[in-house]
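Down below is the structure, laid out as structure tokens.
The values are calculated or read from the model by the stated rules, or taken from the named source; none is laboratory data. None of these values were measured; they are calculated from a predicted model. Cβ coordinates were reconstructed from backbone atoms using ideal geometry, including for glycine residues, and neighbour counts include every protein chain displayed. What goes into the accessible areas is simple: the full protein's heavy atoms, side chains included, and nothing from ligands, DNA or RNA. Shrake-Rupley method; radii C 1.70, N 1.55, O 1.52, S 1.80 Å.
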Amino acid sequence: MQLSFSSLTSLLILCCICATFQSGSAQIIDSSKVYKKKVLENTEIDLLMSLYKQDGIHSPVNGGIGTENLADQTATIIVSIPLNADDVLTVDAGISAYTSASSSNINPFMVNSSAPLKSLSWSKINGIITSGASKGGGGGGVVVNPGYPVPPATPGIPTGTPWLASTGASHSENLKNLSTNYSHSSDDRNLIWGSNISISDEFTYKSFGFGGNLTKLYNDKNTEIGVKGLVFLDKWRSIYPTELKEKLLYGSGFQTSGYFSGVNILDQTGTIITSNSYNPTGFVPWTSNGRDSYSLSFFGSQILNKRFQVALFFDLVLQQGMLSTPYHRIYFSDKPRYYIGIASDIPNYTSPTNLGVYQLADAIETLPHSRFKIPMGVRMNYYLNETFVLRSYYRYYYDNWGLRAYTVNLDLPVKLSQSFTLTPSYRFYSQNQVDYFGPYETHVSTEKYFTSDYDLSKFYTQQYSLALGYADVFTQFRIGSLGLKSINLKYSHFDRSDGLNADIMTLGVKFVDGEKK
Amino acid sequence: MKKNIFLLIILMVFLSSCVAVKEYQKVYLNDPDMKLSSQENERFESTFQVYREGASGANGGKTGGGCGCN
């Protein structure tokens with residue numbers, strides 16, 4: 001069943017209306033009962049923003065080498081509405097805009113900015129999504145990363161490089177997401193159940209999810225046990241690297257058709273090949289594009305004493321369908337190399353000094369159609385004194401692709417005053433590689449599964465964070481009927497041992513609707 | 001793996017033997033910094049960690065959906 005973003009949005013709005021209608025009748029019933037404290041006293045509004053930036057040298061789109069420069073800005077609003085004393089409806093909507101050097105190189109071929117430009121557009125030919133880029137200048141100009149020199153001026157000759165972003169149509173995209181959650185608490189507040197529905201949409205990917213959760217509290221609310229089930233029914237758009245897409249479009253003889261018409265293909269020595277030697281037989285187009293995820297999460301929490309509490313998390317996650325990415329290139333070590341661009345750059349292909357030549361792919365990433373994950377975690381929080389709180393988290397992760405990982409996180413909130421808290425944090429993560437990972441040009445064509453995505457390689461990461469929080473329980477600062485309840489500003493720096501690093505700044509502002517306390 | 005599950009069971013048995021803290025004694029436990037779940041704006045960090053690392057889940061958050069392909 002095909003569901004568009006707009007139809008799913010309508011469905012979510014309908015759910016909201018139904019929930020609101022139900023709350024009206026519930027309020028009539030409640031009026032005859034004794035007073036009970038509302039689960040949520042007033043409507044709360046959370047405004048969240050983030051700025052994210054990363055860079056690295058192992059882009060999977062280029063087969064495990066090249067720039068991973070990426071910038072992302074996200075804005076989200078979360079509105080929690082008390083429908084009556086027992087029920088809360090939460091609506092969560094967000095939009096994210098990103099520019100990605102890595103995905104821009106789905107079509108890496110550019111003509112130098114001194115050559116004539118053509119406008120870019122996405123279109124569909126024979127059911128295959130393709131960009132309007134062409135040898136006549138489809139790549140437009142050249143986006144140059146800071147620190148990298150400008151490509152040589154050779155007007156009219158298409159060039160490319162894994163070390164620069166191209167202005168391919170996938171250079172910048174938007175991600176939109178919308179979700180609603182409805183929760184109901186029993187009269188004694190010892191039983192809570194809820195359900196949710198969510199959608200997200202970006203150019204290459206759509207996601208539709210739904211689920212439910214049940215939580216039971218015991219022992220004067222000292223013990224809490226819960227279970228949550230989630231289903232995501234996702235769809236890829238099968239976008240392939242330009243050179244492989246051309247093979248799909250034109251079949252045999254594609255080397256002289258479409259994009260390749262009039263374009264020179266070079267061999268390892270830089271010689272122009274005259275036959276149809278470049279033939280990526282390892283490329284197998286997808287026959288389906290679904291990815292389904294089913295998760296069952298169990299959690300339990302326990303208060304140990306007046307200052308100490310702990311929570312346990314245990315998930316069972318099954319993913320099925322297309323778990324690889326259609327535009328991640330693979331280069332086999334047992335296949336000859338072919339290029340488009342400037343011959344003199346071929347010897348420096350794997351170096352950032354290569355600004356003018358791009359290697360044609362042998363295949364795309366291929367991974368099993370099923371993955372079973374078992375993460376388990378424990379969180380322990382201890383209230384040391386009026387100034388310090390210690391928050392800790394540990395997770396062990398196991399899956400049937402051979403990945404084993406663990407995570408340790410420590411936060412130390414320091415209460416500077418009644419309103420301000422400063423929280424330094426440190427996080428360490430370590431993983432081994434999945435069974436199917438191999439760096440650039442180490443896979444062979446006889447393998448069944450292969451990926452050069454360094455997100456699945458062996459590495460460790462370290463993250464250092466500092467957060468400043470402001471809280472005002474009396475909501476003194478007001479905008480209309482909304483009172484400011486809290487502000488949280490956080491900066492984190494992330495280092496991955498393979499050279500990728502990232503910075504993220506997040507801001508969260510919470511308002512509460514209602515009279516000043 | 002077996003060792004981790006064993007430790008988990010031991011921990012759960014240990015937790016079930018704890019004494020109850022009354023509501024009026026929970027002033028420290030109700031402090032916002034003692035929350036056992038993540039803060040709202042930590043969701044963005046979780047998202048990029050899920051994308052840039054092979055593991056995910058067991059933190060009370062999202063465990064699937066989204067491609068993480070950029």
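Here is how the numbers come out for the structure above:
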| quantity | calculated |
| --- | --- |
| A:Val317 within 24 Å of the chain's Cα centre (by Cα) and either assigned to a strand (DSSP E or B) or of a type outside the set (A, V, I, L, M) (or both) | yes |
| Matching residues in region A:212-229 - criterion: being open to solvent by less than 40 Å² (accessible area, probe 1.4 Å) and in contact (Cβ under 8 Å) with a residue 40 or more places away in the chain | A:Asn222, A:Thr223, A:Gly226, A:Gly229 |
| Looking only at region A:76-89, and only at residues there that are under 17 Å from A:Ile45 (Cβ atoms) and open to solvent by less than 30 Å² (accessible area, probe 1.4 Å), the one that is farthest from the other protein chains (Cβ to nearest Cβ) | A:Leu83 |
| Matching residues in region A:327-338 - criterion: being open to solvent by less than 10 Å² (accessible area, probe 1.4 Å) and more than 9 Å from chain B (Cβ to nearest Cβ) | A:Arg329, A:Ile330, A:Tyr331, A:Phe332 |
| Residue that is nearest to the chain's Cα centre (by Cα) [pool: residues in region A:465-517 that are of a type in the set (Lys, Arg), farther than 26 Å from B:Glu53 by Cβ and crowded, with 16+ Cβ neighbours inside 10 Å] | A:Lys510 |
| Yes/no for A:Gln255 being in a loop (DSSP other than H, G, I, E, B), out of contact with any Gly (no Cβ under 7 Å at 6 or more places or on another chain) and within 24 Å of A:Asn105 (Cβ to Cβ) | no |
| Residue match in region A:290-306 (condition: assigned to a strand (DSSP E or B), open to solvent by 50 Å² or more (accessible area, probe 1.4 Å) and either within 7 Å of another protein chain (Cβ to nearest Cβ) or touching a helix residue (DSSP H, G or I) at 6+ places or on another chain (Cβ under 8 Å) (or both)) | yes |
| Test for A:Leu217: is it in contact with a helix residue (DSSP H, G or I) (Cβ under 9 Å, 6 or more places away or on another chain), over 24 Å from A:Asp92 (Cα atoms) and either modelled with pLDDT of 95 or more or of a type outside the set (D, E, K, R) (or both) | no |
| Within region A:44-75, considering residues that are among the hydroxyl-bearing types (Ser, Thr, Tyr) and outside any strand (DSSP E or B), the one surrounded by the most Cβ atoms within 10 Å (Cβ to Cβ) | A:Ser59 |
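Results for (1) over 23 Å from A:Ser103 (Cα atoms); (2) under 25 Å from the mean Cα position of the chain (by Cα), shown as yes or no for each residue.
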residue	(1), (2)
A:Ser198	yes, yes
A:Lys216	yes, no
A:Lys235	no, yes
A:Pro241	no, yes
A:Ser252	yes, no
A:Gly258	no, no
